[in-house]
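For reference, the structure discussed in these notes is given below.
The values are calculated or read from the model by the stated rules, or taken from the named source; none is laboratory data. All values derive from a computational prediction rather than experimental measurement. Here the Cβ is made from the backbone with ideal geometry for all residues, glycine too, and neighbour counts use every protein chain on show. For the accessible areas, the whole protein counts, side chains as well, though only heavy atoms, and no ligand, DNA or RNA atoms are used. Shrake-Rupley method; radii C 1.70, N 1.55, O 1.52, S 1.80 Å.
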Amino acid sequence: MFQAQVFLWAYILLFFPTSIVAQGLGVNWGVIASHPLDPKIVVNILKDNGIKKVKLFHAEHDILTALSGTDIEVMVGIPNHSLESLSEKYSVAQAWVKANITAYQLQVSFCCRYVAVGNEPFLAAYNGTYNNITLPAMKNILKALNEACVGKDIKVSTPLNGDVYITPTYKPSDGIFRHDLADIMNGICEFLHKNNAAFIVNIYHFLNLYQNPGFPETYAFFDNDDSNSMDDHGVKYRSVLDANIDTLVAALKVSNFSDIPIIVGEVGWPTDGNIYATTKNAKKFYNGLLKRIVKNEGTPLRAKQYPDVYMFSLLDEDLKSIDPGMFERHWGIFSFDGQPKFPMDLSGKGHNKPLVGGKNVTYMEKKWCVYNKDASNQKDLPVKVAWACNNTDCTTLVPGASCSGMGIDMNASVAFNMYYQMANQTKGACDFEGLAKIVKRDPSNGTCRLPIMIKTIQTTSNSSASAPKSSRSSTFSSSTSHSPFETHSPSPSSSPFHSPLLIFQIFVGIFTIWFV
C-alpha cells in the first residue's frame with residue numbers, strides 16, 4: 001500500500017505541472033532591458049510556474065521561436081508606429097502576418113490567440129495621432145489572417161487605456177465612452193462584436209495612489225471594507241479593479257455592445273522607485289488579485305465570469321522611460337535576471353509559495369564598482385554621480401526607494417556600479433577620475449542590492465517587427481473625468497532616458513546637502 005502511494009505521487013509530480021495557476025491568468029513579457037534574458041530561459045520560467053498565457057508588445061523572432069511548440073497561448077502586439085503603414089497598405093499587413101504568424105505555424109505548433117494592434121492608441125496625450133488609423137489597421141490585419149486561413153482561430157483587438165471611458169457621477173453604472181471618442185469607439189466595438197473578439201483594457205491601481213494624494217490606500221488593494229467603498233445604488237465596490245471593469249461594462253451597454261467579452265490586458269504593482277512601490281505592497285496586491293480571480297464570481301454588472309487578466313509584468317526592464325515615474329523599471333514579478341522577488345501563489349489560494357526562478361542564468365564576473373572615498377577630488381563627486389545616473393538606472397536611489405537614505409558611500413556606489421554593469425563591466429567604466437574602484441566583495445546592504453548583470457545572447461529580429469523602445473508608457477494621459485475609479489497608464493516612448501535634467505537636479509541636490 002505504501003509503495004502504491006509513493007508511485008501515485010511520483011506519477012502526479014512527473015506528469016502534472018508543478019504549479020497550478022488561476023484560470024484566465026496571463027502575464028506581459030516586455031524586453032526593454034539592457035541585458036535581456038535568453039528567451040528560452042524565460043519560456044521555461046513560464047512553463048515551470050504553470051503560466052499558460054503571455055502578451056508580447058511586439059513580434060520578435062527569438063521570442064516567437066522559443067514559444068513555438070509549447071502550449072502557451074500568445075497575444076502578439078504591434079507597436080503604434082506601425083499603425084499608419086498597416087492602415088494604408090494591405091500588403092504591409094500581409095507581410096506582417098506571413099513573417100510573424102504563419103511562418104511559425106508552418107514550422108511548428110504556435111499557439112497564437114490574439115493580435116493586439118497598437119498599444120493604448122487613443123490616449124489623450126497622443127492628441128488624436130492614431131484615432132483614424134487604428135481601426136483600418138485592425139481590419140487589414142484581420143483580412144490578412146483570414147486570407148492565411150487562421151482568422152477563425154486568431155482574434156484581433158487593440159489594448160486600450162482606461163481613459164477611453166468616463167463616469168460623470170463617479171458611479172460605475174454611469175460609465176460612458178469619452179465624448180470625443182464616441183464614434184471611434186462605436187466603430188471599434190462593432191468590429192470586436194462582429195468578429196467575436198474581446199475588448200482589452202489596461203488598469204493600474206498603483207497610479208491612483210501615485211497620482212492622487214489622499215486616495216484611500218485600501219481601495220487600491222482588495223481587502224477594503226465598507227468604510228472606503230463606493231456605493232452605486234446599493235452595490236458596494238471595494239476595489240478599483242471591479243469598479244473600473246464595471247465602468248467599461250456600463251459604457252459598452254450604452255453603446256449597445258453589452259455582450260463583448262473583456263480582457264484586462266495589464267494590471268500590476270511595481271516594487272521599487274517610489275514610496276508605495278515596495279515588494280510588500282506588490283505581494284499584498286497580487287495576493288488579493290489572485291484570490292479575486294479564482295473566485296470567478298464576476299463583477300456586479302457582469303456577474304457570470306471574471307475577465308481574463310494579464311499581470312504587468314513578468315520581468316523588470318531597466319531601459320524603460322522614467323517620464324511616468326521612477327517605478328517604471330520595476331514592474332516585474334521577477335527581477336531582470338529571472339529571479340522571483342517575493343512569494344506568490346498563482347493558484348489564488350493564498351499560500352506563501354515561492355515562484356520558480358530562471359535556471360542556468362549566466363552572470364558576468366563577480367565584480368562591483370564602488371565609490372572610492374580615498375580619492376583626492378571629492379568635490380567632483382556630485383557631478384560624477386549625476387552624470388552616471390543620467391546614463392544608467394538610478395531609480396533605486398529616489399526617496400522611498402530601496403537604496404534611498406543610506407548615505408553618500410552607498411548612494412555613489414549604486415550609481416557607479418549600475419553604470420559599470422550596464423557597460424558590461426568594461427574596465428574604463430569604473431573610473432570617474434579616481435572616484436570609483438572595482439571590488440570583488442558584494443557591497444549590497446539590506447534592501448539595497450547592487451546587481452551583477454547577466455550575459456546576453458545575440459538576437460535576431462524580424463525587420464517587419466521592429467521593437468519600440470518602451471513596452472508600456474512614458475507620459476501621463478489626461479482625463480476628462482475626475483472619477484477615482486478610472487486608472488490611466490502613460491503612453492509609449494522612443495527613448496530609454498527621458499529625464500536627465502530631472503535626475504541631475506535630484507542628485508546634485510542630494511549631494512549638495514551631504515557636502516554642506
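Could you state the accessible area per residue of the range 19-334 in Å², with a 1.4 Å probe and every protein chain left in place?
Details: 11290 Å² over 316 residues.
Using a 1.4 Å probe on heavy atoms only, each residue of the range 19-334 averages 36 Å².
The amide H of ILE263, built 1.01 Å from its N in the peptide plane, has PHE199, ILE200, VAL201 as neighbours under 5 Å, considering only residues 5 or more places off or on other chains. FRET efficiency for the pair LYS98 and LYS366, taken as 1/(1 + (r/R0)^6) with r the Cβ-Cβ distance and R0 = 56 Å, rounds to 0.75. With each label modelled as a point 7 angstrom along the Cα→C-beta vector, the TYR126-GLU217 pair spans 3.5 nm.
In plain terms, the chain from ILE20 to LYS427 could stretch by 142.0 nm, reckoned as 0.36 nm per residue minus the Cα-Cα distance. Backbone phi angles across the range 129-142, fed through the Karplus curve with coefficients 6.51, -1.76 and 1.60 (θ = phi - 60°), yield HN-Hα couplings of 3, 10, 4, 9, 10, 5, 5, x, 5, 4, 5, 5, 5, 5 Hz in residue order; Gly and Pro are listed as x.
Of the cross-linked pairs LYS98/LYS353; LYS98/LYS320; LYS320/LYS353; LYS55/LYS367, those separated by over 32 Å at the C-alpha level are LYS98/LYS353; LYS55/LYS367. Compared with the alpha-carbon gap, the fully stretched path from HIS351 to ALA375 is longer by 3.6 nm at 0.36 nm per residue. Legend: Rg and Dmax of the range 32-144, from Cα coordinates, 15.1, 43 Å. Summarising the amide proton neighbourhood of SER34: residues at separation of 5 or more, or on other chains, whose placed amide H is nearer than 5 Å comprise ASP318, LEU319.
Considering only protein heavy atoms and a probe of 1.4 Å, how much of the accessible area of the range 368-439 is carbon and sulfur, as a whole percent? Please report the intermediate quantities before stating the final value.
On the way: 1400 of 2750 Å².
Percent of accessible area from carbon and sulfur atoms in the range 368-439: 51.
Keeping the other protein chains in place, figure out the carbon and sulfur percent of the accessible area of the range 19-334, with a 1.4 Å probe. Could you put the intermediate results ahead of the total?
Working: 5510 of 11290 Å².
Taking all protein chains in place, the range 19-334 shows 49 percent carbon and sulfur surface.
For the range 368-439, the solvent-accessible area of protein heavy atoms averages 38 Å² per residue (probe radius 1.4 Å; ligands and nucleic acids excluded).
What trypsin sites (Lys or Arg not before Pro) does the range 254-339 have in DSSP loop regions with at most 15 other beta carbons within 10 Å?
Working: sites: LYS280, LYS283, LYS284, LYS291, ARG292, LYS295, ARG302, LYS304, LYS320, ARG329; in loops: LYS304, LYS320.
Answer in residue order: LYS304.
Length gained on full extension, THR169 to ASP183: 2.8 nm, using 0.36 nm per residue less the C-alpha separation.
Close amide-amide hydrogen proximity is noted between PHE336 and ASP316, each under 5 Å apart and 5 or more residues distant or on a separate chain (H modeled in the peptide plane; Pro and chain starts excluded). Between ILE457 and LEU106, what FRET efficiency comes out of the Förster formula 1/(1 + (r/R0)^6) with R0 = 30 Å and r the beta carbon distance, rounded to 0.05? Plugging the Cβ-Cβ distance into 1/(1 + (r/R0)^6) gives 0.75.
Taking a straight line from the alpha carbon of LYS143, these aspartates and glutamates sit under 20 Å away, with near neighbours fewer than eight places off in the same chain left out: GLU84, GLU88, ASP153, GLU190.
Over the C-alpha atoms of the range 368-439, the Rg to Rh ratio, Rh being the Kirkwood estimate, stands at 0.93. Applied to the range 180-187, the Karplus parametrisation 6.51 cos²θ - 1.76 cosθ + 1.60 on θ = phi - 60° returns per-residue 3J(HN,Hα) values of 6, 10, 3, 5, 5, 5, 4, x Hz, with x for Gly and Pro.
Relative contact order, whole percent, for the range 19-334 stands at 19, derived from Cα pairs under 8 Å and 6 or more residues apart. Set against the 2.2 N^0.38 Å expectation for a compact globular protein, the range 222-364 has a Cα radius of gyration ratio of 1.19.
Sequence-ordered 3J(HN,Hα) estimates for the range 425-431 from the Karplus curve with 6.51, -1.76 and 1.60 and θ = phi - 60° stand at 6, 4, 4, x, 7, 10, 9 Hz, glycine and proline given as x. Counting other Cβ atoms within 10 Å, which trypsin sites (Lys or Arg not before Pro) in the range 120-204 have at most 14 and lie in a DSSP loop? In loop regions of the range 120-204 (DSSP not H, G, I, E or B), the sparsely surrounded trypsin sites (Lys or Arg not before Pro) are LYS152. Bridgeable lysines around LYS359 (alpha carbons under 16 Å apart, same-chain partners fewer than 8 residues away excluded): LYS40, LYS47, LYS341, LYS455.
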